[in-house]
Amino acid sequence: MSKGFITILLLICSNVFMTFAWYGNLKLQQLKPSVANWPLYGIILLSWGMALLEYCFMIPANRVGSQINGGPFSLMQLKIIQECISLIIFTIIVATIFKGEPIHWNHIVSFGLIVLAVFFAFMKTE
């Protein structure tokens, strides 16, 4: 497997955990109303635990993918890829788990512009 492909897979895994760390408590609150009574620090600790898993994928993705370590991507390309993956994963999770959150035309245009940013990030400038 190429370093670029491994990097993308690691970023996908990382963003799944990141999305659940940031927004999963809202769904958990819907599924288990008792969670709404948890103190904020309890929710933060739960989210930190998930964020630790996110870092277990994000850090290796950056190390494998970075040109600094012989990978195929510059730091700017890595960041733009990560943001694009983050929005795709977020959209999939919102559409499948948080049903009822509508996706409007302006969201689609915004995502298209981010994909366009990835295109421009990979354009040869020389």
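The values are calculated or read from the model by the stated rules, or taken from the named source; none is laboratory data. This structure is a prediction, so every number in the text was calculated from the model and none was measured. Please note: Cβ atoms are built from the backbone with ideal geometry, for glycine as well, and neighbour counts cover all protein chains shown. Just so you know, the surface numbers come from the protein's heavy atoms only, side chains and all, with ligands and any DNA or RNA stripped out. Shrake-Rupley method; radii C 1.70, N 1.55, O 1.52, S 1.80 Å.
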If you go through Leu10, Leu53, the only one that is under 18 Å from Ile89 (Cα atoms), open to solvent by less than 70 Å² (accessible area, probe 1.4 Å) and at pLDDT 90 or above is Leu10
Somewhere in the stretch 40-47, is a residue at pLDDT 95 or above, surrounded by 15 or more Cβ atoms within 10 Å (Cβ to Cβ) and part of a helix (DSSP H, G or I)?
no
Filtering the stretch 20-39 down to residues that are open to solvent by less than 60 Å² (accessible area, probe 1.4 Å) and closer than 17 Å to Lys99 by Cβ yields Gly24, Lys27, Leu28
Looking across the stretch 29-39 at residues that are assigned to a helix (DSSP H, G or I) and out of contact with any Phe, Trp or Tyr (no Cβ under 9 Å at 6 or more places or on another chain), the single one that is farthest from Ile92 (Cα to Cα) is Asn37
Cβ pairs under 6 Å, 6+ apart or interchain, first in the stretch 102-126 and touching a residue at least 12 places away in the same chain (Cβ under 8 Å), second among the aromatic types (Phe, Trp, Tyr) and surrounded by fewer than 10 Cβ atoms within 10 Å (Cβ to Cβ), ordered by first then second residue, are none
Scanning the stretch 86-114 for residues that are assigned to a helix (DSSP H, G or I), under 22 Å from Ser14 (Cβ atoms) and not β-branched (Val, Ile, Thr), the one least open to solvent (accessible area, probe 1.4 Å) turns out to be Ser86
